[in-house]
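To start, the structure under review is shown below, and the notes come after it.
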Amino acid sequence: MALRPIDNALPTTTPERPKKQVKISVPIQKLTDSAVNDENKAPVPDVTIDYVSSENLKSLPDPESKFQSLIEGLDSKDWTKVCESLNDTRRFALYHSSLLVPILEKVMVVVVKSMKNPRSALCKTSIMASSDIFKAFGDQLLDSNSDALDSLLLQLLLKASQDKKFVCEEADRTLKVMVDSITPLPLLHKLKTYVSHNNMRIRAKAAISISNCVSKMGIEGMKEFGLASLVQMAAELLKDKLPEAREAARSIVISIYNAFAEDDDQKQEDAFMEDEDQKQEAWQSFCQSNLPPIDAQSMIKITTTSR
């Protein structure tokens with residue numbers, strides 16, 4: 001059979017490629033600071049916010065005349081004005097605290113609200129303001145502003161437990177100032193709520209503050225809170241997932257043990273507590289009577305290995 005001449009072959013049809021659509025460049029509107037918020041970095045460069053340490057803050061030359069503008073600034077919808085007013089609030093707290101007393105609860109509400117704001121600058125400024133409020137008023141915050149203090153404490157624990165370094169470190173510093181400024185026992189009652197919080201990072205931050213509180217307490221304060229309650233709290237934290245919480249728990253146990261061993265009443269009850277081994281026996285008996293066996297063993301192990 002003769003082959004068909006190649007000229008008679010059917011032409012091959014190649015499907016036509018779709019034409020590329022021409023890309024049109026449309027200028028994208030720059031996102032505002034409220035849309036983009038990276039708390040690991042300083043705020044947008046077109047707005048300058050000064051973070052002045054407490055030591056470098058100066059008193060106000062005429063605080064009485066500045067007071068009215070302070071209230072207006074705290075109520076402003078302009079976040080930069082709120083930042084300025086919070087810095088003025090810090091000056092009032094440190095140098096003219098008596099003028100701030102009548103509006104202290106309102107100020108704390110503004111501080112908490114600003115701490116929730118997505119703007120990094122406003123958030124950090126509010127945390128710095130809360131630190132100076134702790135320094136200035138201390139236990140006064142327990143008397144008439146209990147609800148405001150509870151809200152502030154929760155926000156500080158939340159900010160300290162975040163990965164956003166820009167505010168996290170500032171919140172950690174402020175929590176330390178809080179512990180140094182407020183009597184340990186009532187503060188411990190507030191902090192114990194967070195030992196069972198669902199967020200494990202909040203539990204860890206609370207555990208660190210509890211450890212700092214307990215380290216400042218004597219045996220009488222621990223007894224008033226409840227030695228058994230303290231030991232049980234520490235036992236729960238020792239089983240926490242985060243190493244920070246477990247390390248704080250170990251510090252709590254050491255503080256309790258040292259106070260327990262120095263307790264005059266305990267010494268009179270156990271007259272044989274003369275050396276470390278005898279103290280350990282009394283401590284072992286105490287733990288076994290207040291904890292499940294496995295938790296008691298953990299407590300005893302901590303105090304024996306720390307010797």
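Observations on the structure shown:
- Rough spin-label spacing in nm, given labels placed 7 Å along Cα→Cβ, for N117 and M200: 3.4
- For S126, neighbours were defined as the other residues whose beta-carbon sits under 12 Å from its Cβ, and their charges (Lys and Arg +1, Asp and Glu -1) total +4.
- Part-to-part distance (alpha-carbon centres) for region 121-140 and region 225-254, which is given in Å: 28
- Estimated FRET transfer efficiency when R0 is 51 angstrom, pair T193-S65 (beta carbons, to 0.05): 0.75
- Loop trypsin sites (Lys or Arg not before Pro), region 85-133, which have at most 15 other Cβ atoms in a 10 Å radius of their Cβ (DSSP): K116
- Cβ-derived FRET efficiency at R0 45 Å, K239 paired with D147, nearest 0.05: 0.90
- Burial ranking of peptide ranges 200-210, 93-103 (average Cβ count within 10 Å, highest at the top): 200-210, 93-103
- Exceedance of the 19 Å cut-off in Cα-Cα distance is limited, within the set K190/K239; K176/K205; K124/K165; K81/K176, to K190/K239; K81/K176.
- For F67, F134, order by how many other beta-carbon atoms lie within 10 Å, fewest first: F67, F134
Each value in this text was obtained by applying a stated rule to the coordinates, not by laboratory testing. A quick note: this is a predicted structure, and the numbers were derived from the prediction, not measured. Reconstructed Cβ throughout: ideal geometry from the backbone, glycine too, with neighbour counts over all protein chains shown.
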